[in-house]
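Here's the structure, in structure tokens; my notes come after.
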Amino acid sequence: MREIGSTWGKWDFHVHTPYSILNNMFGFNPFDSEDNYHEKEFDNYVTTLFLKAIENEIVAIGITDYFMVEGYKRIRQEYLDSPKKMEKLFPEKTIRDKIYNIYV
């Protein structure tokens, strides 16, 4: 039997999404429109978030929006749980595999 000791990984426990009420530095308010007008901007946010996480070898991300869970829910439901959306944003399978290995 092979025993493994401690493993270390980089975690980012303090990540805001555009849904964060007090810390929206993203240039758009996702609550402005009911017809997903800002879908492209949110796609860009998600793409940047995960590519930067991969670049910096982040293994876990904590979404810490003020007073809201909508940003986390949107990332989870519309992106991570949507293979077609993920394939559209990240056509390279190796990148998607790395993203799916990040704990959010």
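The values are calculated or read from the model by the stated rules, or taken from the named source; none is laboratory data. All of these numbers come straight from a predicted model, not from anything done at the bench. Virtual Cβ from ideal backbone geometry, glycine too; neighbours counted across all protein chains shown.
For the range 73-90, the condition holds for no residue, the condition being that it is within 11 Å of Val15 (Cβ to Cβ), of a type outside the set (A, V, I, L, M, F, W, C), surrounded by 15 or more Cβ atoms within 10 Å (Cβ to Cβ) and touching a residue at least 24 places away in the same chain (Cβ under 8 Å). Could you give every pair whose Cβ atoms fall below 9 Å, whose first residue belongs to the range 35-51 and is at positive phi, and whose second residue is modelled with pLDDT of 85 or more and of a type in the set (Lys, Arg), counting only separations of at least 6 or pairs across chains? Cβ pairs passing all conditions: none.
The lone criterion from (1) among the charged types (D, E, K, R); (2) closer than 30 Å to Thr7 by Cβ; (3) surrounded by 11 or more Cβ atoms within 10 Å (Cβ to Cβ) left unmet by Glu55 is number (3).
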